[in-house]
Amino acid sequence: MSEQLGTLEDLPEDYRAELSQAGVAPLWPMMRNVLPHGTPNPVTKPGYWSYDAVRPLLLRAGELTPVEKAERRVLYLSDPGRGVGSMQATSSIYAGLQLLLPGESAPAHRHTPSAARIIVEGEGGFTVVDGEKLPMQEGDLVLTPGGEWHDHGHEGTDPVVWLDALDLPLFVYLEGSYAEEAPLQSPRNRPDASEVEYLSAGLAPSRKREVAKKRYPMMRFPWDRTEAALRQLCKFETGTVAEVDFVNPETGDDVLPTMGFTAMMLTANSKEEPPLRSSSAIFHVVRGSGSTLVNGQEIRWQAKDTFSVPVFAELSHRAEEECFLIRVHDKPLQEKLGYYEERAR
Ligand code: GTQ
């Protein structure tokens, strides 16, 4: 079983040349690279992006590049394991910080990858998805599922910044990534579904039988409700740590096909050691400060920072004060592929 496999160097030069000529290669020298024993061997390294460091660079981009020249004014977060310039924060997750200045708009487009935004800073931003105007407030999660038209606008007075998470790496890998463009949408004049159909958890509108259910019925998850849910859970149910998953209110499924979103509260001075998970993830700090040991490497974080963890990472979170984080992960994809796994530490 543990026998050493043959290497390329074991093979005669002339044979290797003939293999290349024929456009083939021997599997056995590569076998362990692609099928390591026991656990995957991730390329992804833990990443950390300080908002204090990136924010001035993003504002500078606002001076250097008008939104018309950018379509989306974004600085994307590169996995240290792949190097700066990599459009992957983890194997499957793209992440970027997007800036919109007062009065600007980012034109409508739709694309095959799905996106979600976590609002980091600023008042007055909004995204219109399929005609529905979704206000963006700090900590809100706003979905723009694959195939849905979306444009961004800004009615406030100060810069608005949000964190984009997309399953772009998957679509690039599948050679399935493309976009279409359209003029700005004129939003319907009504509040978004989180304020109308899904104002209260456990309540959904009775529907006429002939009305087709929407695949993505709720595309904005206001932060104040997420925080209230976490606080009640901590107080009456779970103690120092609580987690809630963002779900489709009609089906209870994950909100997007490949990406999942989980909000976490940690009370002041608490610790959390989750199981090892086969999913990779990025964490966005909505509020609070603390640190996370990722496979023994300490990442210190504060509000508005982002950090990433590879698959099967051993994590220990420590909250220095009351903390709220949102974890973006690829568990829904892995469950669909039938291999999502959690292991005890
Ligand atoms: O806002 O639609 O960070 O299309 C990357 C691609 C944001 C967006 C990104 C996009 C968008």
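The values are calculated or read from the model by the stated rules, or taken from the named source; none is laboratory data. Treat the numbers as computed from the prediction; the structure is a model and nothing was measured. With ideal geometry, Cβ positions are generated from the backbone for all residues, glycine too; neighbour counts draw on all protein chains shown. In case anyone asks, the SASA skips ligands and DNA or RNA and just uses the protein heavy atoms, side chains included. Shrake-Rupley method; radii C 1.70, N 1.55, O 1.52, S 1.80 Å.
Taking every lysine pair in the chain that is 8 or more places apart or spans two chains, those with Cα atoms closer than 21 Å amount to 7.
3J(HN,Hα) along region 140-149, derived from phi through the Karplus expression 6.51 cos²θ - 1.76 cosθ + 1.60 where θ = phi - 60°, amounts to 4, 10, 10, 9, 10, x, x, x, 9, 5 Hz, with x in place of Gly and Pro. May I ask you to give the percent of accessible area on region 273-342 that is carbon plus sulfur, with a probe radius of 1.4 Å? Looking at region 273-342 in its full context, I get 44 percent from C and S. Once backbone amide H atoms are built at 1.01 Å from N, TRP301 has GLY290, SER291, THR292 as its partners under 5 Å, excluding neighbours fewer than 5 places away on the same chain. Note on the chain: with a GNM built from Cα contacts shorter than 10 Å, the maximum mean-square fluctuation among VAL142, VAL286, VAL294 falls on VAL294. The residues of region 189-318 have, on average, 49 Å² of accessible surface per residue, using a 1.4 Å probe with all protein chains present. Applying 0.36 nm per residue to the separation of LEU174 and ALA25 and subtracting their alpha-carbon distance, the gain on full extension is 51.4 nm. Surface composition of region 1-121: carbon plus sulfur atoms contribute 56% of the solvent-accessible area (1.4 Å probe, protein chains only, all chains present). Within the chain, what is the longest stretch that has no chymotrypsin sites (Phe, Trp or Tyr not before Pro) placed in a DSSP loop and near at most 14 other beta-carbon atoms within 10 Å? Answer from the scan: 1-177. For the chain, excluding the exposed loop sites themselves (GluC sites (Glu not before Pro), DSSP loop, at most 10 other Cβ atoms within 10 Å), the longest remaining stretch covers 4-174.
Other residues lying with their Cβ under 10 Å from the Cβ of GLY153 contribute a combined charge of -2, Lys and Arg counting +1, Asp and Glu -1. Counted by Cβ distance under 14 Å from THR240, the other residues give a net charge of -3, where Lys and Arg count +1 and Asp and Glu count -1.
Projected label points at THR240 and GLU210, each 7 Å from Cα along the beta carbon direction, are separated by 5.8 nanometres. Using alpha carbon centroids, what distance separates region 115-149 and region 312-345, in Å? The distance from the Cα centre of region 115-149 to that of region 312-345 comes to 24 Å. Per-residue 3J(HN,Hα) values for region 180-189, derived from phi via the Karplus relation 6.51 cos²θ - 1.76 cosθ + 1.60 with θ = phi - 60°, read 10, 10, 7, x, 3, 7, 9, x, 4, 8 Hz in sequence order (x marks Gly and Pro).
Label-to-label distance for GLN4 and GLU273 is 3.7 nm, based on points extended 7 Å past Cα in the beta-carbon direction.
For THR240, the solvent-accessible surface with a 1.4 Å probe is about 70 Å², rounded to the nearest 10. Accessible area per residue for region 6-56, computed on protein heavy atoms with a 1.4 Å probe, is 73 Å². Mean separation of Cα pairs under 8 Å and 6 or more residues apart, divided by the residue count, gives the chain a relative contact order of 15 percent.
Neighbours of GLN21 by Cβ distance under 15 Å: Lys/Arg scored +1, Asp/Glu scored -1, total -2. The residue list LEU8, VAL34, LEU77 was ranked by how far each Cα lies along the charge dipole of region 1-103 toward its positive end, using unit charges on Cβ atoms, and LEU77 comes out on top. For VAL129, the residues 5 or more places off, or on other chains, whose built amide H falls under 5 Å of its own are LEU134. Highest mean packing first, where packing is the average number of other Cβ atoms within 10 Å per residue, the peptides 109-116, 80-87 line up as 109-116, 80-87.
Counting only DSSP beta bridges with both residues in the chain, the antiparallel share comes to about 100 percent. Just need log10 I(q)/I(0) for the chain at q = 0.13, 0.15, 0.16 Å⁻¹, Debye formula, equal scatterers on the alpha-carbon atoms, no solvent, rounded to two decimals. Log10 of I(q)/I(0), two decimals: -1.04, -1.33, -1.49. If the label point is 7 Å along Cα→Cβ of ARG60, which residues in region 78-96 have backbone nitrogen under 18 Å from it? Within reach of a label on ARG60, which here means backbone N under 18 Å from a point 7 Å along Cα→Cβ, region 78-96 contributes 78, 84-85. Taking 7 Å steps out from each Cα toward its Cβ at SER50 and GLU335 produces label points 3.7 nm apart.
Pairs of Cα atoms nearer than 8 Å and 6+ residues apart set the relative contact order; for region 77-226 it is 28 percent. Computed from point charges on the beta carbon alone (+1 for Lys and Arg, -1 for Asp and Glu), the dipole magnitude for the chain about its Cα centre is near 600 Debye. For region 1-105, the relative contact order is 22 percent, taking Cα pairs closer than 8 Å that sit 6 or more residues apart in sequence and dividing their mean separation by the residue count. Rounded to whole numbers, the Karplus 3J(HN,Hα) couplings from phi for region 243-255 are 9, 10, 9, 7, 10, 5, x, 8, 10, x, 6, 4, 6 Hz, using 6.51 cos²θ - 1.76 cosθ + 1.60 with θ = phi - 60°, and x at Gly and Pro. The stretch between LEU75 and LEU35 holds 11.0 nm of extra length on full extension. This uses 0.36 nm per residue minus the Cα-Cα distance.
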